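Engineer: Submitted below is the structure of interest, expressed as structure tokens.
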Amino acid sequence: MRKLERFDNLVQMFFTRAREKGDKPFLWHKTGGAWQPTSWAEAARQVASLATALQALGLKPGDRVMLVSENRPEFCITDLAIMAAGCVTVPTYTTNTERDHQHIIENSGACAIVVSNTKLAKTLLPAAIRSSSARMVIGIDEVRAGQSGTMDFHDWKDLIAKHPADPETVVARASFKREELACIIYTSGTGGSPRGVMQHHGAILHNVAGCCTIISEDFGWEDEVFLSFLPLSHAYEHSGGQFFPIGLGAEIYYSEGLEKLASNIEEVRPTIMVVVPRLFEVLRTRITKQIEKQGRFANMLLDRAVYLGGKRAAGTTSLLDTPMNLLLKATLLPKISKRFGGRIKAMVSGGAPLNPEVGIFFDSIGLTFLQGYGQTEAAPVISCNRPKAGLRHDSVGPPLPDVEVRIAEDGEILVRGELVMHGYWRNEEETARVLKNGWLHSGDIGVIDDKGRIKITDRKKDIIVNDKGDNVAPQKVEGMLTLQPEIVQAMIAGDKRPYMTAVIVPDPEWTAEWCAHTATRCHFRELSHDPDYKAAVGAAVERVNRDLSVTERVRKFIIADAPFTIENEQLTPSLKIRRHVLKQVYGERLDALY
């Protein structure tokens, strides 16, 4: 069994692997229809040169540098270079609105911004130019700006070319310790504005070491290949899809996007895939439809495979199942395995809750499926299912090595260990709320079974996690909706769903004016079925959507039967909405919107 060495920081880990791997391929991207590699040695040279350039531009240790880019080799190189310069990376979603960028720049105090192209810069630059801290923009590709103001613009490739540096010299200067800040990852909070989670080098290294232990003990640590698909600005992909592969000395291929993901999987032949439940649901649907077209025998084989998978999950298999298992291994399973490249060791699901049936389906067709649990505040992996511990798809497995988990008196899951953040950036109040005596209060309710596996039973906090693993703070969206003159109350929904929906209570005064203007009878329940009335309310929703990110936008809504009140128990005495009551009343109608 191989264990990850103990490193002082993430930069040291990378340069150690680069020294070991040399000219072997590290980062792959597709251009001109062909996959092109960047070697470990070349990546190390670029990291060293860019780190030296950042220092030459006047960046000091501890300075925050915002990184706005899609998944590509330059993201990884830039992230490492920022850290190698002693600075702090602030990775940011490419889907952020101008308002989101403005908040993150101001809150983090980022003095430099790296952006990949002109398209992303269109939303970013207005916020950067208005900010009080940002003074330079570095474009990975050419970035055109209509007016720069006091902002300095630099070209990524030119900076590397003009500042050649020896990787050994740069890593020798990277003497910072595990407890020092590596990055600030912004995540939606219950108050609406994204909060900056301070992840230190040791937190991410702790995650990497724990994940490496699982691979080594349960599967064997060899020449691993990852296909990077989830946004690298998400803590799950940042740690699991970038630093975990670096720790393993693995190759990373950057996917061309969802529409080409299936073909990318066949071409790349990954050994490990880090994805969210929604992707597995899409893949399950595709596999099922493809097999449906192959006739009755193929469908019978799939039905039997899923049936036997359910028996294995329940622990009720018998010798009588052996002939069918042998038939499946000789017919159906090799064909499916080939579609996934033929060498998948494990598919790891995280970032959002998973329907156990999906896990059973993939195990049934011969693909090892592991569900994990975590939070950005824990770098982010807390636990993961392991074959060694006995796979249970209704659990999220035992904690990683050297992670303490206990259940509080009210059922809340508490976590302690090096993986826990040091706090929220410039937010002492929220930090004090979730960090108490070294324990991270997760906001999730759960139990621990007799084998030490965690099972999530409920969510204490109100954050909505969609089916792709993105967090949406409902209070923020609801607050923006109720600022519109047409809307007095609102509740949004979308947990484990592809988009947000809402229950909306139109403003009575606005409604009276609309009815008078359109000569319509002003009866609340009748109006909810009036297409013109609903379109007028919908116009207000669309105004709000323009200022929201793609994941936050309300795609569909229903009009409430009546206002939320204390009397109908839809409001608390302090006038907060009772989500569980509203979901009971409107749940079926909201479900019908999908």
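The values are calculated or read from the model by the stated rules, or taken from the named source; none is laboratory data. These numbers were taken from a predicted model, which means no experiment stands behind them. For neighbour counting, all protein chains shown are included, and Cβ atoms are generated from backbone atoms with ideal geometry for every residue, glycine included.
Engineer: Just name the residue that is nearest to G417 (Cα to Cα) out of those in region 373-394 that are among the small types (G, A, S) and surrounded by fewer than 24 Cβ atoms within 10 Å (Cβ to Cβ).
Structural biologist: Ranking the qualifying residues of region 373-394, first place goes to A389.
Engineer: Turning to a different aspect of this structure: Hey, does region 253-266 have a residue that's of a type in the set (S, T, Y), surrounded by 23 or more Cβ atoms within 10 Å (Cβ to Cβ) and closer than 25 Å to K335 by Cβ?
Structural biologist: Looking through region 253-266, at least one residue is of a type in the set (S, T, Y), surrounded by 23 or more Cβ atoms within 10 Å (Cβ to Cβ) and closer than 25 Å to K335 by Cβ.
Engineer: Another question, then. Restricting region 143-160 to residues that are within 31 Å of the chain's Cα centre (by Cα) and over 20 Å from I82 (Cα atoms), which is modelled with the lowest pLDDT?
Structural biologist: Among those residues, the one meeting the criterion is A145.
Engineer: Quick test for you: out of L124, L159, pick the one residue that is in the same structural domain as C87 (by TED's automatic domain parsing) and closer than 15 Å to S69 by Cα.
Structural biologist: L124
Engineer: Kindly evaluate T95 against the criterion of being at pLDDT below 95 and among the β-branched types (V, I, T).
Structural biologist: Against the criterion (at pLDDT below 95 and among the β-branched types (V, I, T)), T95 qualifies.
Engineer: Listed residues A134, A112; which is buried (at least 19 other Cβ atoms within 10 Å of the Cβ) and either among the β-branched types (V, I, T) or closer than 25 Å to V550 by Cβ (or both)?
Structural biologist: Exactly one of A134, A112 is buried (at least 19 other Cβ atoms within 10 Å of the Cβ) and either among the β-branched types (V, I, T) or closer than 25 Å to V550 by Cβ (or both), namely A134.
Engineer: Pick from P277, P270: which is surrounded by 15 or more Cβ atoms within 10 Å (Cβ to Cβ) and under 30 Å from I464 (Cα atoms)?
Structural biologist: None of the other options fit; the residue is P277.
Engineer: Among A562, A536, which is of a type in the set (A, V, I, L, M), loosely packed, with under 15 Cβ neighbours inside 10 Å, without any contact (Cβ under 8 Å) to a residue 60 or more places away in the chain and over 16 Å from G479 (Cβ atoms)?
Structural biologist: A562
Engineer: Let me ask another. Suppose we filter region 71-103 for residues that are within 30 Å of W28 (Cα to Cα) and in a helix (DSSP H, G or I); how many remain?
Structural biologist: 13
Engineer: Kindly indicate whether any position in region 364-371 is of a type outside the set (A, V, I, L, M, F, W, C), touching a strand residue (DSSP E or B) at 6+ places or on another chain (Cβ under 7 Å) and farther than 28 Å from N107 by Cβ.
Structural biologist: Yes - at least one qualifying residue is present in region 364-371.
Engineer: Something else about it: Can you tell me which residue in region 308-324 is nearest to T271 (Cα to Cα), limited to those that are under 36 Å from the mean Cα position of the chain (by Cα) and in a helix (DSSP H, G or I)?
Structural biologist: G309
Engineer: Given the structure, is I344 modelled with pLDDT of 90 or more, of a type in the set (A, V, I, L, M) and crowded, with 23+ Cβ neighbours inside 10 Å?
Structural biologist: no
Engineer: On to the next question. Just the residues that are in contact with a Lys or Arg (Cβ under 8 Å, 6 or more places away or on another chain) and among the charged types (D, E, K, R), please, taken from region 338-395.
Structural biologist: R343, D363, R392, D394
For every residue, the table says whether it meets (1) in contact with an Asp or Glu (Cβ under 9 Å, 6 or more places away or on another chain); (2) outside the structural domain of H154 (by TED's automatic domain parsing); (3) not hydroxyl-bearing (S, T, Y).
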position: F75; (1), (2), (3): no, no, yes
position: L80; (1), (2), (3): no, no, yes
position: M83; (1), (2), (3): no, no, yes
position: T89; (1), (2), (3): yes, no, no
position: N96; (1), (2), (3): no, no, yes
position: I104; (1), (2), (3): no, no, yes
position: A112; (1), (2), (3): yes, no, yes
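Engineer: What number of residues in region 3-51 are under 13 Å from P245 (Cα atoms), outside any helix (DSSP H, G or I) and out of contact with any Pro (no Cβ under 9 Å at 6 or more places or on another chain)?
Structural biologist: Qualifying residue count for the region: 1.
Engineer: If you go through region 473-515, how many residues are more than 23 Å from the chain's Cα centre (by Cα), within 17 Å of G587 (Cβ to Cβ) and in a loop (DSSP other than H, G, I, E, B)?
Structural biologist: Within region 473-515, residues that are more than 23 Å from the chain's Cα centre (by Cα), within 17 Å of G587 (Cβ to Cβ) and in a loop (DSSP other than H, G, I, E, B) number 0.
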